Amino acid sequence: MKKIQISPSILSADFSQLGNEIKRLEKGGADMIHVDVMDGHFVPNLTIGPPVIKRLRNCTKLPFDVHLMISPVHKYIEDYSKAGADIITIHPEATDNLIDSIDHIRKLNKKVGVSLNPDTKLNIIENILDKIDLVLIMSVFPGFGGQKFMHEVVEKIKNLKKIKDEKKLNFDIEVDGGINFENSKIVIEAGANILVSGTTIFKENNGNIKKNIDSLKLE
Ligand code: DX5
Ligand code: ZN
């Protein structure tokens, strides 16, 4: 059983203090930093890109878990690699050739993630599961923090875990969107080992980061 890790999303952080917010997350026990990159095209929101990530890189040694909600994505992958991403997660719908994009990230010596929106079926990635390090299951439609967790994805998490065990694969199962103290237990029991959370971590318990991270980890 993999150790449960927490990847706080800085989308819910104070954007005027991103460097300090990342330091607060590290101090509070975050395992990695979830960086939501949005281009206003793949999703109806716009956040940050390589120049900001490059500056934030020096604020922490924690891995940057970069979630690219951009399209087209292939031609920008190297920019995020150079900016300091450690995990680069892409959406299959955002590339003309998923295998090429996976190989491209691999050649840059970065961990490869593929993200599935709530309405995207598992079968579109079944044949590439042995090529990737992480599957990011979206439990909201991407674009905004603070949305409500979609319980229908729990079945998808269970099915993915079943396939992973049957094929004896070792990729991480990360879940992203609306994660809180109630549904985190459900998601972990379903098979997830990395939880993304923005609103719960920054807003609950008067913003007590350590308490919120520990509560999500069931510790
Ligand atoms: C949504 C992002 C998520 C989101 C999670 O498009 O991919 O990472 O920021 O934030 P909460 O935990 O507030 O749903
Ligand atoms: Zn995300």
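A few notes on this one:
- Of the residues making up the range 38-71, not one is basic (Lys, Arg) and within 15 Å of ligand 2 (Cβ to nearest atom).
- Residue list for the range 13-55, restricted to those being closer than 17 Å to residue 144 by Cα, small (Gly, Ala, Ser) and crowded, with 20+ Cβ neighbours inside 10 Å: 13
- Close pairs from the range 139-168: first within 16 Å of ligand 2 (Cβ to nearest atom), partner among the acidic types (Asp, Glu), Cβ under 7 Å, at least 6 apart: 139/176
- Residue in the range 203-219 that is within 14 Å of ligand 2 (Cβ to nearest atom) and not β-branched (Val, Ile, Thr) present: no
- Wholly within the range 1-108, strands (runs of 3 or more DSSP E) carrying at least 2 residues that are in contact (Cβ under 8 Å) with a residue 60 or more places away in the chain: 5-8, 33-38, 64-69
- Residue in the range 164-172 that is among the aliphatic types (A, V, I, L, M) and either open to solvent by 70 Å² or more (accessible area, probe 1.4 Å) or closer than 27 Å to residue 200 by Cβ (or both) present: no
- Filter pass, residue 64 being surrounded by fewer than 18 Cβ atoms within 10 Å (Cβ to Cβ), among the aromatic types (Phe, Trp, Tyr) and at pLDDT 95 or above: no
- Checked against the criterion of being within 18 Å of the chain's Cα centre (by Cα) and more than 19 Å from residue 134 (Cα to Cα), the candidates 194, 201, 173 yield just one match: 201.
The values are calculated or read from the model by the stated rules, or taken from the named source; none is laboratory data. In this text, all values refer to a predicted model and were calculated from it rather than measured experimentally. Because the Cβ atoms are built from the backbone with ideal geometry, glycine has one as well, and the counts that use them run over all protein chains shown. Please note that ligands, DNA and RNA were not included when accessible areas were found on the heavy atoms of the full protein model with its side chains. Shrake-Rupley method; radii C 1.70, N 1.55, O 1.52, S 1.80 Å.
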